[in-house]
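Take a look at the structure set out below.
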Amino acid sequence: MENMDEIRQRIRKEGEESLTMDEWFESWLSEYKQLTIKKGTVENYRRNYRNYIKPYLGDMRVCEVKGEHIQKLFNHLIAKGYAVNTLYVSKGVLSGMFRQLIKNDVMQKNPVQYVEFPRQPRKRERRVLSEEEQMVFLEYAKGSPYEDVYLIALATGMRIGEICALRWTDIDFSNQLLTVNGTLKQFKDTGFFIDTPKSLTSRRVVPLLPAICKMLKRRKRSQVGTVMGKYTIDSVWEDLVFLHPCGVSEPMRKRTIAYDMDSIVEHINQDRKEKARKRHRRAELFEHVSPHALRHTFATRALENGIPPKVVQEILGHSSITITLDLYTHVLDRTKSEEIMKLQRMF
(Lines give C-alpha, C1' and ligand atoms only; values in the text may rest on other atoms or scores of the structure.)
Protein backbone atom coordinates (compact mmCIF):
# COMPACT_ATOMS: atom_id res chain seq x y z
CA MET A 1 0.00 0.00 0.00
CA GLU A 2 1.11 3.56 -0.65
CA ASN A 3 2.57 5.64 2.17
CA MET A 4 0.70 8.68 3.49
CA ASP A 5 2.54 11.16 1.26
CA GLU A 6 1.59 9.16 -1.83
CA ILE A 7 -2.01 8.90 -0.64
CA ARG A 8 -2.17 12.67 -0.13
CA GLN A 9 -0.88 13.24 -3.66
CA ARG A 10 -3.53 10.92 -5.08
CA ILE A 11 -6.24 12.68 -3.09
CA ARG A 12 -5.15 16.06 -4.52
CA LYS A 13 -5.05 14.63 -8.05
CA GLU A 14 -7.99 12.19 -8.15
CA GLY A 15 -10.01 12.92 -5.00
CA GLU A 16 -10.83 10.74 -2.02
CA GLU A 17 -13.33 8.70 -4.04
CA SER A 18 -10.33 7.01 -5.73
CA LEU A 19 -9.10 5.51 -2.46
CA THR A 20 -9.59 1.96 -1.27
CA MET A 21 -10.99 1.39 2.21
CA ASP A 22 -7.48 0.52 3.43
CA GLU A 23 -6.08 3.79 2.06
CA TRP A 24 -8.98 5.86 3.36
CA PHE A 25 -8.70 4.31 6.83
CA GLU A 26 -5.06 5.41 7.08
CA SER A 27 -5.90 8.88 5.76
CA TRP A 28 -8.95 9.26 8.02
CA LEU A 29 -7.01 8.15 11.08
CA SER A 30 -3.97 10.36 10.50
CA GLU A 31 -5.68 13.45 9.07
CA TYR A 32 -8.88 13.60 11.09
CA LYS A 33 -8.68 11.45 14.22
CA GLN A 34 -5.14 11.05 15.51
CA LEU A 35 -4.90 14.51 17.04
CA THR A 36 -8.34 14.40 18.65
CA ILE A 37 -8.40 10.97 20.33
CA LYS A 38 -6.16 9.20 22.81
CA LYS A 39 -3.22 7.08 21.74
CA GLY A 40 -4.90 4.00 23.18
CA THR A 41 -8.03 4.68 21.12
CA VAL A 42 -5.92 5.04 17.96
CA GLU A 43 -4.35 1.65 18.62
CA ASN A 44 -7.77 0.12 19.33
CA TYR A 45 -9.06 1.45 16.01
CA ARG A 46 -6.01 0.09 14.15
CA ARG A 47 -6.32 -3.34 15.72
CA ASN A 48 -10.06 -3.52 15.10
CA TYR A 49 -9.76 -2.44 11.46
CA ARG A 50 -6.86 -4.81 10.77
CA ASN A 51 -8.54 -7.84 12.35
CA TYR A 52 -12.21 -7.45 11.42
CA ILE A 53 -12.78 -4.91 8.62
CA LYS A 54 -9.72 -5.08 6.38
CA PRO A 55 -10.11 -8.78 5.36
CA TYR A 56 -13.60 -8.13 3.92
CA LEU A 57 -13.68 -4.51 2.77
CA GLY A 58 -10.04 -3.38 2.57
CA ASP A 59 -9.61 -3.67 -1.22
CA MET A 60 -12.93 -2.04 -2.13
CA ARG A 61 -13.13 1.59 -3.28
CA VAL A 62 -14.87 3.74 -0.70
CA CYS A 63 -17.70 4.65 -3.10
CA GLU A 64 -18.32 0.97 -3.91
CA VAL A 65 -19.15 -0.01 -0.34
CA LYS A 66 -22.89 -0.43 0.19
CA GLY A 67 -24.98 -1.34 3.18
CA GLU A 68 -25.21 -4.94 1.96
CA HIS A 69 -21.42 -5.32 2.09
CA ILE A 70 -21.28 -4.07 5.68
CA GLN A 71 -24.28 -6.25 6.62
CA LYS A 72 -22.48 -9.34 5.30
CA LEU A 73 -19.39 -8.36 7.27
CA PHE A 74 -21.36 -8.10 10.52
CA ASN A 75 -23.30 -11.29 9.77
CA HIS A 76 -19.95 -13.07 9.40
CA LEU A 77 -18.61 -11.65 12.68
CA ILE A 78 -21.82 -12.64 14.49
CA ALA A 79 -21.66 -16.16 13.05
CA LYS A 80 -18.05 -16.45 14.24
CA GLY A 81 -19.19 -15.60 17.77
CA TYR A 82 -17.29 -12.34 18.24
CA ALA A 83 -18.24 -10.27 21.28
CA VAL A 84 -20.94 -7.64 20.78
CA ASN A 85 -18.47 -4.96 21.88
CA THR A 86 -16.18 -5.95 18.98
CA LEU A 87 -19.07 -5.42 16.58
CA TYR A 88 -19.92 -2.03 18.07
CA VAL A 89 -16.32 -0.82 17.78
CA SER A 90 -16.24 -1.99 14.14
CA LYS A 91 -19.50 -0.18 13.51
CA GLY A 92 -18.12 2.98 15.12
CA VAL A 93 -14.95 2.91 13.01
CA LEU A 94 -16.84 2.38 9.75
CA SER A 95 -19.47 4.97 10.59
CA GLY A 96 -16.78 7.54 11.42
CA MET A 97 -14.96 6.87 8.15
CA PHE A 98 -18.11 7.36 6.07
CA ARG A 99 -19.32 10.38 8.05
CA GLN A 100 -16.08 12.14 7.17
CA LEU A 101 -16.56 11.26 3.48
CA ILE A 102 -20.02 12.85 3.65
CA LYS A 103 -18.55 15.99 5.24
CA ASN A 104 -15.99 16.05 2.42
CA ASP A 105 -18.78 15.85 -0.22
CA VAL A 106 -17.49 12.51 -1.48
CA MET A 107 -20.63 10.58 -0.49
CA GLN A 108 -24.22 11.55 0.26
CA LYS A 109 -25.27 8.76 2.59
CA ASN A 110 -23.63 6.65 5.28
CA PRO A 111 -24.07 2.96 4.31
CA VAL A 112 -23.68 1.90 7.96
CA GLN A 113 -27.10 3.38 8.79
CA TYR A 114 -28.81 0.69 6.72
CA VAL A 115 -27.25 -2.21 8.63
CA GLU A 116 -29.41 -4.35 10.95
CA PHE A 117 -27.45 -4.75 14.14
CA PRO A 118 -28.01 -7.24 16.99
CA ARG A 119 -29.34 -5.86 20.23
CA GLN A 120 -26.81 -5.60 22.99
CA PRO A 121 -27.55 -8.43 25.40
CA ARG A 122 -28.61 -7.66 28.94
CA LYS A 123 -25.51 -7.24 31.05
CA ARG A 124 -24.81 -9.92 33.59
CA GLU A 125 -24.93 -8.90 37.22
CA ARG A 126 -21.55 -7.57 38.23
CA ARG A 127 -19.37 -9.87 40.30
CA VAL A 128 -18.81 -8.39 43.73
CA LEU A 129 -16.99 -10.13 46.55
CA SER A 130 -18.93 -10.45 49.77
CA GLU A 131 -17.11 -9.35 52.93
CA GLU A 132 -16.34 -12.99 53.72
CA GLU A 133 -15.11 -13.66 50.17
CA GLN A 134 -12.95 -10.55 50.29
CA MET A 135 -11.26 -11.75 53.49
CA VAL A 136 -10.77 -15.26 52.08
CA PHE A 137 -9.33 -13.95 48.81
CA LEU A 138 -6.85 -11.67 50.58
CA GLU A 139 -5.81 -14.49 52.91
CA TYR A 140 -4.99 -16.78 49.98
CA ALA A 141 -3.33 -13.88 48.10
CA LYS A 142 -0.67 -13.54 50.82
CA GLY A 143 2.73 -14.20 49.31
CA SER A 144 1.54 -13.52 45.76
CA PRO A 145 3.75 -11.04 43.84
CA TYR A 146 0.49 -9.17 43.15
CA GLU A 147 -0.80 -9.07 46.73
CA ASP A 148 -0.21 -5.32 47.01
CA VAL A 149 -2.09 -4.72 43.75
CA TYR A 150 -5.15 -6.47 45.21
CA LEU A 151 -4.89 -4.48 48.43
CA ILE A 152 -4.76 -1.10 46.71
CA ALA A 153 -7.54 -2.06 44.26
CA LEU A 154 -9.87 -3.04 47.11
CA ALA A 155 -8.96 0.06 49.12
CA THR A 156 -9.20 2.69 46.36
CA GLY A 157 -11.43 1.33 43.57
CA MET A 158 -8.74 2.13 40.99
CA ARG A 159 -8.79 0.31 37.67
CA ILE A 160 -5.99 -2.23 37.24
CA GLY A 161 -4.53 -0.20 34.35
CA GLU A 162 -4.43 2.87 36.60
CA ILE A 163 -2.66 0.92 39.34
CA CYS A 164 -0.08 -0.43 36.88
CA ALA A 165 0.61 3.15 35.69
CA LEU A 166 1.05 4.52 39.21
CA ARG A 167 4.33 6.34 39.85
CA TRP A 168 5.91 7.25 43.16
CA THR A 169 5.53 10.91 42.25
CA ASP A 170 1.74 10.34 42.26
CA ILE A 171 1.74 9.51 45.97
CA ASP A 172 1.60 12.16 48.69
CA PHE A 173 2.56 10.33 51.87
CA SER A 174 2.30 13.47 54.00
CA ASN A 175 -1.38 13.97 53.23
CA GLN A 176 -2.16 10.30 52.56
CA LEU A 177 -3.35 11.02 49.02
CA LEU A 178 -2.85 9.43 45.64
CA THR A 179 -3.29 11.09 42.24
CA VAL A 180 -4.49 9.07 39.24
CA ASN A 181 -2.67 10.53 36.24
CA GLY A 182 -2.78 7.79 33.62
CA THR A 183 -3.53 4.21 32.67
CA LEU A 184 -1.15 1.54 31.38
CA LYS A 185 -1.82 0.19 27.89
CA GLN A 186 -0.06 -2.54 25.97
CA PHE A 187 -0.42 -3.36 22.28
CA LYS A 188 1.39 -5.90 20.16
CA ASP A 189 2.68 -3.26 17.74
CA THR A 190 3.60 -0.50 20.19
CA GLY A 191 4.36 -2.31 23.45
CA PHE A 192 3.73 -0.60 26.79
CA PHE A 193 2.77 3.04 27.13
CA ILE A 194 0.96 5.17 29.69
CA ASP A 195 -2.12 6.76 28.17
CA THR A 196 -4.15 9.64 29.50
CA PRO A 197 -6.95 8.63 31.88
CA LYS A 198 -10.18 7.18 30.50
CA SER A 199 -12.01 10.52 30.83
CA LEU A 200 -11.48 13.99 32.30
CA THR A 201 -12.93 12.90 35.65
CA SER A 202 -10.69 9.81 35.68
CA ARG A 203 -7.79 12.11 36.58
CA ARG A 204 -8.53 12.40 40.27
CA VAL A 205 -7.20 12.49 43.82
CA VAL A 206 -7.93 9.45 45.98
CA PRO A 207 -7.54 9.36 49.78
CA LEU A 208 -5.46 6.50 51.17
CA LEU A 209 -6.12 4.41 54.25
CA PRO A 210 -3.24 4.36 56.78
CA ALA A 211 -2.76 0.63 56.15
CA ILE A 212 -2.29 1.29 52.41
CA CYS A 213 0.19 4.09 53.11
CA LYS A 214 2.12 1.69 55.31
CA MET A 215 2.13 -0.95 52.57
CA LEU A 216 3.33 1.56 49.97
CA LYS A 217 6.13 2.82 52.23
CA ARG A 218 7.26 -0.77 52.81
CA ARG A 219 7.12 -1.41 49.09
CA LYS A 220 9.15 1.68 48.29
CA ARG A 221 11.86 0.74 50.80
CA SER A 222 12.01 -2.76 49.35
CA GLN A 223 12.08 -1.55 45.76
CA VAL A 224 14.87 0.94 46.31
CA GLY A 225 16.86 -1.55 48.34
CA THR A 226 16.59 -4.57 46.04
CA VAL A 227 14.95 -4.12 42.65
CA MET A 228 16.76 -0.92 41.74
CA GLY A 229 20.10 -2.34 42.80
CA LYS A 230 19.68 -5.84 41.38
CA TYR A 231 18.20 -5.17 37.97
CA THR A 232 18.72 -2.69 35.18
CA ILE A 233 15.40 -0.87 34.86
CA ASP A 234 14.45 1.06 31.76
CA SER A 235 14.46 4.72 32.80
CA VAL A 236 10.95 5.08 31.35
CA TRP A 237 9.61 2.74 34.03
CA GLU A 238 11.99 3.20 36.96
CA ASP A 239 9.52 5.38 38.90
CA LEU A 240 6.65 2.88 38.68
CA VAL A 241 5.23 1.65 41.96
CA PHE A 242 4.46 -1.78 40.49
CA LEU A 243 7.29 -3.21 38.40
CA HIS A 244 7.24 -6.67 36.84
CA PRO A 245 7.82 -9.13 39.72
CA CYS A 246 10.41 -11.12 37.74
CA GLY A 247 12.72 -8.13 37.62
CA VAL A 248 12.49 -7.47 33.90
CA SER A 249 12.59 -3.81 32.91
CA GLU A 250 8.89 -3.35 32.27
CA PRO A 251 5.61 -2.74 34.12
CA MET A 252 3.31 -5.39 35.51
CA ARG A 253 1.11 -7.05 32.90
CA LYS A 254 -2.64 -6.78 33.45
CA ARG A 255 -3.17 -10.18 31.87
CA THR A 256 -0.71 -11.82 34.27
CA ILE A 257 -2.58 -10.28 37.20
CA ALA A 258 -5.78 -11.92 35.90
CA TYR A 259 -3.97 -15.27 35.61
CA ASP A 260 -2.74 -14.93 39.19
CA MET A 261 -6.28 -14.26 40.41
CA ASP A 262 -7.45 -17.40 38.60
CA SER A 263 -4.69 -19.34 40.37
CA ILE A 264 -5.75 -17.98 43.77
CA VAL A 265 -9.38 -18.96 43.16
CA GLU A 266 -8.26 -22.41 42.03
CA HIS A 267 -6.25 -22.81 45.24
CA ILE A 268 -9.25 -21.77 47.35
CA ASN A 269 -11.47 -24.30 45.59
CA GLN A 270 -8.94 -27.10 45.88
CA ASP A 271 -8.87 -26.61 49.65
CA ARG A 272 -12.68 -26.40 49.81
CA LYS A 273 -13.08 -29.60 47.81
CA GLU A 274 -10.63 -31.41 50.05
CA LYS A 275 -12.40 -30.27 53.23
CA ALA A 276 -15.80 -31.17 51.76
CA ARG A 277 -14.53 -34.62 50.74
CA LYS A 278 -13.38 -35.34 54.29
CA ARG A 279 -16.79 -34.28 55.64
CA HIS A 280 -18.69 -36.10 52.88
CA ARG A 281 -20.32 -32.87 51.79
CA ARG A 282 -20.61 -30.93 48.56
CA ALA A 283 -18.04 -28.17 48.31
CA GLU A 284 -19.24 -24.55 48.08
CA LEU A 285 -16.97 -23.25 45.34
CA PHE A 286 -15.52 -19.76 45.15
CA GLU A 287 -16.76 -18.12 41.93
CA HIS A 288 -14.43 -16.71 39.30
CA VAL A 289 -13.34 -13.14 39.99
CA SER A 290 -11.82 -10.71 37.49
CA PRO A 291 -9.50 -7.78 38.26
CA HIS A 292 -12.32 -5.31 37.52
CA ALA A 293 -14.48 -7.03 40.14
CA LEU A 294 -12.13 -5.58 42.77
CA ARG A 295 -13.22 -2.08 41.71
CA HIS A 296 -16.89 -3.07 41.99
CA THR A 297 -16.17 -4.61 45.39
CA PHE A 298 -14.60 -1.38 46.66
CA ALA A 299 -17.63 0.66 45.54
CA THR A 300 -20.03 -1.83 47.14
CA ARG A 301 -18.16 -1.80 50.49
CA ALA A 302 -18.03 1.99 50.42
CA LEU A 303 -21.78 2.38 49.87
CA GLU A 304 -22.60 -0.38 52.36
CA ASN A 305 -20.62 1.51 54.99
CA GLY A 306 -22.46 4.76 54.45
CA ILE A 307 -20.05 6.70 52.25
CA PRO A 308 -22.25 9.11 50.23
CA PRO A 309 -22.70 8.17 46.55
CA LYS A 310 -21.30 11.56 45.48
CA VAL A 311 -18.05 10.82 47.30
CA VAL A 312 -17.91 7.32 45.82
CA GLN A 313 -18.44 8.84 42.36
CA GLU A 314 -15.46 11.19 42.80
CA ILE A 315 -13.19 8.43 44.14
CA LEU A 316 -14.09 6.12 41.24
CA GLY A 317 -13.73 8.93 38.69
CA HIS A 318 -17.20 8.54 37.18
CA SER A 319 -18.21 11.48 35.01
CA SER A 320 -21.62 11.77 36.68
CA ILE A 321 -23.46 10.61 39.78
CA THR A 322 -25.95 8.89 37.46
CA ILE A 323 -23.32 6.36 36.38
CA THR A 324 -22.53 5.50 39.99
CA LEU A 325 -26.19 5.19 40.94
CA ASP A 326 -26.97 3.03 37.88
CA LEU A 327 -24.07 0.70 38.58
CA TYR A 328 -24.78 0.23 42.26
CA THR A 329 -28.55 0.50 42.55
CA HIS A 330 -28.61 -3.00 44.02
CA VAL A 331 -26.48 -1.85 46.96
CA LEU A 332 -28.63 1.20 47.62
CA ASP A 333 -31.79 -0.92 47.43
CA ARG A 334 -30.42 -3.26 50.09
CA THR A 335 -29.42 -0.48 52.47
CA LYS A 336 -32.31 1.94 52.09
CA SER A 337 -34.57 -0.05 54.43
CA GLU A 338 -31.85 0.06 57.08
CA GLU A 339 -31.29 3.76 56.53
CA ILE A 340 -34.95 4.72 56.78
CA MET A 341 -35.15 3.06 60.21
CA LYS A 342 -33.01 5.93 61.49
CA LEU A 343 -36.20 8.00 61.34
CA GLN A 344 -37.96 5.65 63.77
CA ARG A 345 -37.04 7.75 66.81
CA MET A 346 -39.13 10.63 65.40
CA PHE A 347 -42.40 8.67 65.58
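The values are calculated or read from the model by the stated rules, or taken from the named source; none is laboratory data. In this text the structure is predicted, and so the values were computed from the model without any measurement. All Cβ positions, glycine included, derive from the backbone under ideal geometry; neighbour counts span all protein chains shown. These area figures cover heavy atoms from the full protein model, side chains too; ligands, DNA and RNA do not enter into them. Shrake-Rupley method; radii C 1.70, N 1.55, O 1.52, S 1.80 Å.
Structure above, values below:
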| quantity | calculated |
| --- | --- |
| Options Leu316, Leu303; residue that is without any contact (Cβ under 8 Å) to a residue 40 or more places away in the chain and open to solvent by less than 100 Å² (accessible area, probe 1.4 Å) | Leu303 |
| Check on Glu43, in contact with a Phe, Trp or Tyr (Cβ under 9 Å, 6 or more places away or on another chain) and open to solvent by 40 Å² or more (accessible area, probe 1.4 Å) | no |
| Of all residues making up the range 279-300, the number that are of a type in the set (A, V, I, L, M) and either surrounded by fewer than 16 Cβ atoms within 10 Å (Cβ to Cβ) or more than 18 Å from the chain's Cα centre (by Cα) (or both) | 2 |
| Answer residue from the range 63-109, given it is part of a loop (DSSP other than H, G, I, E, B) and of a type in the set (Gly, Ala, Ser) and is surrounded by the fewest Cβ atoms within 10 Å (Cβ to Cβ) among those | Gly81 |
| Any hit, the range 144-155, residues being among the aromatic types (Phe, Trp, Tyr), touching a residue at least 40 places away in the same chain (Cβ under 8 Å) and buried (at least 16 other Cβ atoms within 10 Å of the Cβ) | yes |
| The range 240-263: number of residues that are open to solvent by 10 Å² or more (accessible area, probe 1.4 Å) and among the β-branched types (Val, Ile, Thr) | 2 |
| Residues of the range 146-191 satisfying the condition of being aromatic (Phe, Trp, Tyr) and within 22 Å of Lys220 (Cα to Cα) | Tyr146, Tyr150, Trp168, Phe173 |
| The range 188-203 - residue that is assigned to a loop (DSSP other than H, G, I, E, B), in contact with a strand residue (DSSP E or B) (Cβ under 7 Å, 6 or more places away or on another chain) and among the charged types (D, E, K, R) and, of those, least open to solvent (accessible area, probe 1.4 Å) | Arg203 |
